[in-house]
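Just below is one structure, and these are the notes that go with it.
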Amino acid sequence: MGNYKPRHPLDRPRRPGTTNWGSSPGPGYSPANSNTRIHGPKPFTLPETPDRHPIPAPAANLGLNSDRLRTQMVRRLREQGIADDRVLAAMQAVPRHLFVDQGLASRAYEDAALPIGYGQTISQPWVVAHMLSVISEGRRLQRVLEIGAGCGYQAAVLAQYVPEVFAVERVRGLFEQARMNLSQGRSRSRVRLVFGDGMLGLEHHAPFDGIVVAAAGVKIPETLLHQLAVGARLIAPEGTTHQRLILIERTAATSWQRVELQDVRFVPLRPGTQL
């Protein structure tokens, strides 16, 4: 694991075509939320940690190097095609090493997914930046829903430029971990963390200006599509052994437009909650 080196920049998103969805997008398999494991055309698999509560990494893990490493990470993201200055500034602002086990803190700024316990991972920086850039492009987001909060990192990044962030996590241990990680700074006032079944979304707080789903189902839950505001976007992985990142934009009250982006690999969505 110590010999792993960050991969070359991933290919720019491909847009092979779009599909207009009518008044009934069709029922979809919609298990609950989870977090990403590995992504990209040639995934690298990290050993999984036992199902336990990961130990939060103290700020001293990386010392003064954390700012420099974070700057290098943001520079790499820009070279890989991330151009949204709001997303890049947010990635610069959030200390990723505080969201992983202290034993992995030295790897926090590599472009790699890292285990956070309970069979889940924190997504690699490029995936976080790419997904947020896609839903943010040309939009001023006021309210965003995240399905699969994990350790809270992506919600913390969103909170840097989105006034209201709602994040749902189905695994109790990760919910508690995220709550602790999001208890300081801008996240404390902007993120509303919910323990629950991500397949249901948060209807009482809808509509949302954007929805980010951090795990792959066979189909994107139809419930979430109806919680988008008109003109808003949802991004989610879809598939089982072969997964693709999907962008859906709600174009009217009863129609949605679907675009397939690049191949990815995420952990599966699962129904219900896990205590």
Semi-axes of the stretch 74-116 from the Cα gyration tensor (sqrt of 5 times each eigenvalue, largest first, whole Å) come to 21, 11, 7
Judged on accessible area alone, 1.4 Å probe, highest first, Asp263, Asp67, Asp101 line up as Asp67, Asp263, Asp101
Kirkwood-based Rg/Rh on the Cα set of the stretch 139-244 evaluates to 0.95
Here the stretch 66-75 yields Karplus 3J(HN,Hα) values (6.51, -1.76, 1.60; θ = phi - 60°; whole Hz; Gly and Pro given as x) of 4, 4, 5, 5, 5, 4, 5, 4, 5, 4
Note on the stretch 139-204: contact order normalised by length, alpha-carbon pairs under 8 Å, 6 or more apart, percent, works out to 37
From most to least accessible, 1.4 Å probe, no ligand or DNA/RNA atoms counted, Ser189, Ser136 line up as Ser189, Ser136
Placing one equal point scatterer on each C-alpha of the stretch 127-176 and summing with Debye, one gets log10 I(q)/I(0) at q = 0.19, 0.25, 0.29, 0.32 Å⁻¹ equal to -0.60, -0.96, -1.19, -1.32
1/(1 + (r/R0)^6) with r = Cβ-Cβ of Gln184 and His204, R0 = 30 Å, i.e. FRET efficiency to nearest 0.05, evaluates to 0.65
A chain fully extended from Val218 to Thr240 at 0.36 nm per residue, minus the present Cα-Cα distance, gains in nm 7.3 nm
Once both label points are put 7 Å beyond Cα along the C-beta direction, the Leu275-Glu79 separation in nm becomes 4.9
Sorted by accessible surface (1.4 Å probe, heavy atoms of the protein chains only), largest first, Arg139, Arg107, Arg270 come out as Arg270, Arg139, Arg107
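The values are calculated or read from the model by the stated rules, or taken from the named source; none is laboratory data. Everything numeric here is computed off the predicted structure, so don't read it as measured data. Note that each Cβ is placed from the backbone with ideal geometry, even for glycine, and that neighbours are counted across all protein chains shown. Calculation scope for accessible area: heavy atoms of the full protein, side chains included, ligands and nucleic acids excluded. Shrake-Rupley method; radii C 1.70, N 1.55, O 1.52, S 1.80 Å.
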